[in-house]
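Coordinate-derived values only; no laboratory data. These numbers come from a predicted model, not from an experiment. Virtual Cβ from ideal backbone geometry, glycine too; neighbours counted across all protein chains shown.
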Amino acid sequence: MKYSFNAASIASMPGLFGCAAFSNGLPYIDSSRPFILKNVRIIDVITGEVLENHCIQMQQGKITEIFPVHDSIEPSIECMDLKGRYVCPGLIDAHCHSTITSVFAFHFFSAWRHLRQQQANFRLCIESGITTIRDVGAMRWALEWYIERIQNEWIPGPRVVYCNAMLNIKGGHPEVNPTDISYFANAAKPFIGIPTVNFESIDELKQALQQNSQRASFIKLTVDPISAFCKADLKIPVYTDAHLKIIFDFAEKNNLPVICHNMDKVAFDRMIQYPVHSLEHVVTDAYLSDQRVSDFSKKNIAVIPTLTVGQSFSSHIMFDKFPTRYKSDFIENEIKIRQHYLENEAYQHIDSSFHALNQDTMKYYQSVGCKNMWEQKIFLGNPDKTLGLLKYGTENLKKFKDAGVLIGVGMDAGMPFCYFGSLYRELELLSRVGFTNHEILRAVTYNNAKILNMSSEIGHISKGKYADLVVYDKNPLDDIRVCRSPKMVLKDGKIVISKLQYS
Ligand SMILES: [Zn+2]
């Protein structure tokens, strides 16, 4: 006889796994008492080893004990037998925009679709095994609203570490004002916030630093002088040295790490002179020399490559004639994989009308021409940045890896075609670039936890850490594609997703 965790079967099987009760169709764990996940294979993401036949005991949302199955268990402690399944620490997405709905267009009558997608973004994280995210540019008030609901367990969602909005000089990346998207977006700004600050004067910068850092865990800068979107003028303004001095002084005084969106070599060379915590994306317009990489590796700056954002915008549709400088078997294969995702999997992650709009907008590349798109209020990736991320970015990344740079994982979810729920695309892309499965798993858990300054709390299964766990049927160390389908996800010691069936 087969049982599954759905509402109908629950009433007939109270206490099946020793759980006292069920809630929302999921086994309910009373976190005030000890609870044991029995008979699991624990993946140690630091060493790449698997601890066979183990038990994980938890209480008050934390892991309290890890011990071999044959140790005796006190009969009064409730257990769930996972029958030899693999358990990984909850995944962490270190670069995403949870309040952005992956479409750069807004029509008043589709407001409800945006609200629905925002809420889905958080649920999709949990369903894909992500228990913590680092939001690197959010609509501040909307984000706080969702965080409160997640904390109260009204909606499923991950733990959120955030910076509020990105701290932009006016006209700097991402060069998008609310009025460029919709006049309604401007009117909604006081209620939901906007993902960028857009300061002009020194006074505005100082004020923005104060206001935007409230409850924030870090400061996000965008440092590139070349537009990442198709703007008439490719050059965009960057912070002056005076701006940067004010920002880094403020960051040091308030103990806030500074992270930088960086794809251009010239900005890379400039920013590594500063005490930067992490560079987001990776240099897309030049190969870095071995010497440069070696110097960089000594500065303890992390890198979150977000290769998927490069793949997501790479298509033959952008050109009448595909530029020979980007022709390679690797890029050709990535374009095919992108197409397969967009046609077969994306619908599980995004509102279908948003997806259709993104697909339609891609066609403008040929009919309007990249350079005219800004005037028409169309925002799409600058092909030199997206294809450059695949061509130069992947090579630079391999050098960083070999030099021992701390590499994290994120995929810029919230951007067009970078949909929440598909972090597996980044994991699999890293595998195609040459990362081992162990390196990938460690990056998306342990490395990301370090990048979030939370390695004492998350990112590894050990005593004292949050009981954030993902359960898989197979071993992701053997095949990283296993990460596509978690069977159960726990956050803070509570089951938030379960697809387990027992017979
Ligand atoms: Zn981003």
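Note that region 434-448 has calculated 3J(HN,Hα) couplings of x, 6, 6, 4, 5, 4, 5, 4, 5, 5, 7, 10, 5, 4, 4 Hz, one per residue in order, obtained from phi through the Karplus relation 6.51 cos²θ - 1.76 cosθ + 1.60 (θ = phi - 60°); glycine and proline are x.
With contacts taken as Cα pairs under 8 Å at a separation of at least 6 residues, the chain carries a relative contact order of 22 percent. Between amide H atoms placed 1.01 Å from N, distances below 5 Å from residue 62 occur with 467, all of them 5 or more places distant or on a separate chain.
Our note on the geometry: Cα centres of region 22-52 and region 430-462, 19 Å apart. Taking other residues whose beta carbon is less than 11 angstrom from the beta carbon of residue 417, and scoring Lys, Arg as +1 and Asp, Glu as -1, yields +1. Taking a quarter of the surface of the convex hull around the Cα atoms of region 153-256, what do you get in nm²? Taking a quarter of the hull surface, the average projection is 8.4 nm².
Put in line by how crowded their Cβ is, counting other Cβ atoms within 10 Å and starting with the fewest, 213, 328 read 328, 213.
Among 331-342, 98-109, 201-212, the peptide with the highest mean count of other Cβ atoms within 10 Å heads the list, and the full ranking is 98-109, 331-342, 201-212. What's log10 of I(q)/I(0) for the chain at q = 0.13 Å⁻¹, Debye sum over Cα points only, no solvent? Those come out to -1.27, one per q. In terms of surrounding Cβ atoms within a 10 Å radius of their Cβ, 260, 418 rank from fewest to most as 260, 418. Summing +1 for each Lys or Arg and -1 for each Asp or Glu, what net charge is found among the other residues whose Cβ lies under 12 Å from the Cβ of residue 468? Taking every other residue near residue 468 into account, the sum is +3. Rounded to the nearest Hz, the phi-derived 3J(HN,Hα) couplings of region 483-496 under the Karplus curve 6.51 cos²θ - 1.76 cosθ + 1.60 (θ = phi - 60°) are 5, 5, 9, x, 8, 7, 10, 10, 10, 6, x, 10, 6, 10, where x marks glycine and proline. Within the chain, antiparallel bridges make up roughly 50 percent of the DSSP beta bridges whose residues both belong there.
My understanding is that a pair violates if its Cα-Cα distance is over 21 Å; which of 245/385; 265/336; 220/401; 83/499; 298/463; 336/401 do that in this structure?
Among 245/385; 265/336; 220/401; 83/499; 298/463; 336/401, the Cα-Cα distance tops 21 Å for 245/385; 265/336; 220/401; 298/463; 336/401.
Per-residue 3J(HN,Hα) values for region 332-349, derived from phi via the Karplus relation 6.51 cos²θ - 1.76 cosθ + 1.60 with θ = phi - 60°, read 4, 5, 5, 4, 5, 5, 4, 4, 4, 4, 5, 8, 10, 10, 4, 4, 6, 10 Hz in sequence order (x marks Gly and Pro).
Around the amide H of residue 499, modelled in the peptide plane, lie the amide H atoms of 488, all under 5 Å away and 5 or more residues distant in sequence or on another chain. Here region 415-430 is scanned for amide nitrogen atoms under 14 Å from the site 7 Å beyond the Cα of residue 343 along Cα-to-Cβ, giving none. For the pair residue 479 and residue 455, what calculated FRET efficiency results from E = 1/(1 + (r/R0)^6), where r is the Cβ-Cβ distance and R0 = 35 Å, to the nearest 0.05? E(calc), rounded to 0.05, equals 0.85. Over all pairs of different C-alpha atoms, region 285-362 has a mean inverse distance whose reciprocal, the Kirkwood radius, equals 15.3 Å. Listed from fewest to most Cβ neighbours within 10 Å, the set 58, 362 follows the order 362, 58. Close amide-amide hydrogen proximity is noted between residue 78 and 36, each under 5 Å apart and 5 or more residues distant or on a separate chain (H modeled in the peptide plane; Pro and chain starts excluded).
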